[in-house]
Amino acid sequence: MPVTTQLLLLPLRSSVDPIISEDDIDVIFSNIETIKNLSVELYTSLDTRIKSFTDENVDDMTIGDILASFAPYFKTYFIYVDNHPRSDAKIKS
């Protein structure tokens, strides 16, 4: 995802002479920046927790609380997925 945002989305948005409209960019990329940020936060939280696991704290080796705290934000992924047919159609047009 960082590749998509850095190599495609950001150059398209910052172009002086854009090759596609801002509306088309929004349709094609949807909420990918939000998804990227959420994914980084989730990964960081999980990675930190997993790195803290030791043989001595076997009973504390859980990640459910992290997933539960992120659960309300998972709808963000549904928005992205629901937009895919529109994005695909726009790219093909």
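Points to keep in mind about this one:
- Pairs, first without any contact (Cβ under 8 Å) to a residue 60 or more places away in the chain in region 13-29, second open to solvent by 70 Å² or more (accessible area, probe 1.4 Å) and part of a helix (DSSP H, G or I), C-beta under 7 Å, six or more apart: ILE25/ARG13
- Of all residues in region 11-46, those that are out of contact with any Lys or Arg (no Cβ under 7 Å at 6 or more places or on another chain) and closer than 18 Å to PRO85 by Cα total 7.
- Put simply, of SER45, SER21 the only residue that is out of contact with any strand residue (DSSP E or B) (no Cβ under 9 Å at 6 or more places or on another chain) and surrounded by 11 or more Cβ atoms within 10 Å (Cβ to Cβ) is SER45.
- A search for C-beta distances below 7 Å between a residue of region 55-77 that is outside any loop (DSSP other than H, G, I, E, B) and any residue that is open to solvent by less than 70 Å² (accessible area, probe 1.4 Å) and among the polar types (S, T, N, Q), counting only pairs 6+ apart in sequence or on different chains, returns ILE66/SER45; THR76/ASN31.
The values are calculated or read from the model by the stated rules, or taken from the named source; none is laboratory data. Just so you know, these numbers come straight off a predicted model, no measurement behind them. FYI the Cβ positions are ideal-geometry reconstructions off the backbone, even for glycines, and counts take in every protein chain you see. When the accessible area is computed, the model is the full protein with side chains, heavy atoms only, and any ligands, DNA or RNA have been set aside. Shrake-Rupley method; radii C 1.70, N 1.55, O 1.52, S 1.80 Å.
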